[in-house]
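The values are calculated or read from the model by the stated rules, or taken from the named source; none is laboratory data. No experiment lies behind these values; they were computed from the predicted model shown. Methodologically, a virtual Cβ is constructed for each residue, glycine included, from the backbone with ideal geometry; neighbour enumeration extends over all protein chains shown. Just so you know, the surface numbers come from the protein's heavy atoms only, side chains and all, with ligands and any DNA or RNA stripped out. Shrake-Rupley method; radii C 1.70, N 1.55, O 1.52, S 1.80 Å.
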Amino acid sequence: MFSFRITKKSKKSRARLGILRTAHGEIETPAFVPVATRAVVKTLTSKDALAAGAQLLIANTFHLHLRPGEKTVARAGGLHKFMQWPRPLMTDSGGFQVFSLGFGQDFGTGKMLKEKSNKVIKTGQQPQKLRITDAGVEFRSPIDGAKIFIGPRESMRIQEQLGADIIFAFDECTSPIADHAYTERSLERSHLWATLCLKYKKKTSKQALYGIVQGGKFEDLRRASARFTGALPFDGIGIGGEFGDDKSAMTRMVGWVVDELPEDKPRHLLGIGYPEDIVPIIKAGADTFDCIVPTHYARRGFAYTSTGKLDMKKVAYLKDQKPLDKKCACEVCKTYSRSYITHLWRAGEMTAMSLLSMHNLFYFNATVARVRDEIRAGCI
């Protein structure tokens, strides 16, 4: 049931238009993928996410394994029925938590460094709260401290029971402060896990399985990983890991990877997507990409608009009767004023987070829709 068809290639960049077909519908690419970590886009219902233009959501394997557990989801008929989402779904592999609950937590870093660091992770070094071996990763539950082991076999079994249309191979997302030797050893392990995920995925499963390209900021490792992963019989390719310490490094890295990948497979960029990233990563060749940005910032009082990011916590907006964005066609902008949303925020009403999340999600999806139009018109 899964297929990918390229409908137009840009003559100006690596951007392209395509159609991803799954058992739960088609996706026009490029597409932004909102994050539904625990089977929900935070503060929104599935109907809200649909109304905001979402074509595809990505849920988190590790967190759903913790609670409610994949067996509970399977008994409900799978993620689609459990969360009442009628369109396609992805689940990640749990590989990001190898970083976020490991070295990311140890050193207080994200996938992209906000400032230069003199700290270095070297070969053989282990995170404080988990242990990485060739067999897989032993985590400590952030809920109760219980030991949890996830390797390629476990990741495949959990994702199969969750039942998303697209699943990912288990990998290690490396830290931006890992040196070349550590990243190379990690990459060897992720490549081993990739082959095991293909082996362990049930032959009867109709889920599409994406491999993941790693290699950190290092061009030789990124290109080698792209060649290795692209040569395996995956249905699509994820581009993961860390992305250096500036935006230009990130787009260069995506370009290195895309140069080495088979053209006919869809490419998903994992965990990247500020508004200023959208055009560069699509021009670099990403077909789909996920990010928490629209809802993360909404829950902190920020609205993304055609005139920039607005801090709706500011008292000055109490006197502003304009919509969040006069160019936006979302229901929030059609219905409510900046004044009202700021009032809700300052009064501690949770609806403010929901309205800002709805607007931001619509804004991101509408932005990508305009980029698709620009590719169609030959402008990008």
Length-normalised contact order for the range 179-296 - Cα pairs under 8 Å, 6+ apart - percent: 21 percent
Ratio of the range 92-214's C-alpha Rg to 2.2 N^0.38 Å, to two decimals? 1.08
In Å and whole numbers, how far do the C-alpha atoms of the range 31-167 stretch along each principal axis, longest first? 46, 33, 25
According to the Cα gyration tensor, what semi-axes, each the square root of 5 times an eigenvalue, does the equivalent ellipsoid of the range 209-259 have, listed from largest to smallest in whole Å? 19, 10, 8
Loop-resident sites, the range 33-138, for trypsin sites (Lys or Arg not before Pro), counting at most 12 other Cβ within 10 Å (DSSP): 114, 116, 119, 122
Viscosity 0.692 mPa s, temperature 37 °C: what is the translational diffusion coefficient of the chain from Stokes-Einstein with a Kirkwood Rh over Cα pairs, rounded to a whole number of µm²/s? 155 µm²/s
Distance between the range 194-267 and the range 126-187 - C-alpha centres, whole angstrom: 16 Å
Every cysteine in the chain with no other Cys Cβ under 4.7 Å from its Cβ, please list them in numeric order. 173, 197, 291, 330, 379
Between the modelled labels at residue 129 and residue 373 (7 Å from Cα along Cα→Cβ) the distance in nm is 4.5 nm
Based on the Cβ-Cβ distance of residue 220 and residue 264, what FRET efficiency does E = 1/(1 + (r/R0)^6) give at R0 = 35 Å, to the nearest 0.05? 0.90
Can you give me the long-range amide H partners of residue 94? Hydrogens built in the peptide plane at 1.01 Å from N, cutoff under 5 Å, separation of 5 or more residues or another chain. 61, 62
So which residue, out of 106, 290, 179, gets the largest mean-square fluctuation from a GNM of the chain using Cα contacts under 10 Å as springs? 106
Normalised by the residues of the range 107-148, what does the relative contact order come to in percent, with Cα pairs under 8 Å and at least six apart? 19 percent
Give me the log10 of I(q) over I(0) for the range 97-166 at q = 0.13, 0.14, 0.21 Å⁻¹, as the Debye formula computes it from C-alpha points; what are the numbers? -0.48, -0.55, -1.00
Please give the solvent-accessible surface of residue 379 in Å², to the nearest 10, using a probe radius of 1.4 Å with every protein chain present. 80 Å²
Summed over the other residues with a beta carbon less than 9 angstrom from that of residue 358, with K and R at +1 and D and E at -1, the charge totals -2
Computed curve, the range 252-336, Cα-only Debye sum without solvent term, log₁₀ I(q)/I(0) at 0.11, 0.22 Å⁻¹, is -0.44, -1.06
Over the chain, what is the relative contact order in percent, taking alpha-carbon pairs closer than 8 angstrom and at least six residues apart? 18 percent
³J(HN,Hα) computed for each position of the range 281-297 - Karplus, 6.51 cos²θ - 1.76 cosθ + 1.60, integer Hz, glycine/proline x: 6, 6, 5, 6, x, 6, 8, 9, 7, 10, 6, 7, 3, x, 7, 4, 6
With a point put 7 Å past each Cα toward its Cβ, work out how far residue 115 is from residue 245 in nm, to one decimal. 1.1 nm
Surface per residue (accessible, 1.4 Å probe) for the chain, Å²: 43 Å²
Calculate what fraction, in whole %, of the accessible area of the chain sits on carbon and sulfur atoms when a 1.4 Å probe is rolled over the protein chains. 52 percent
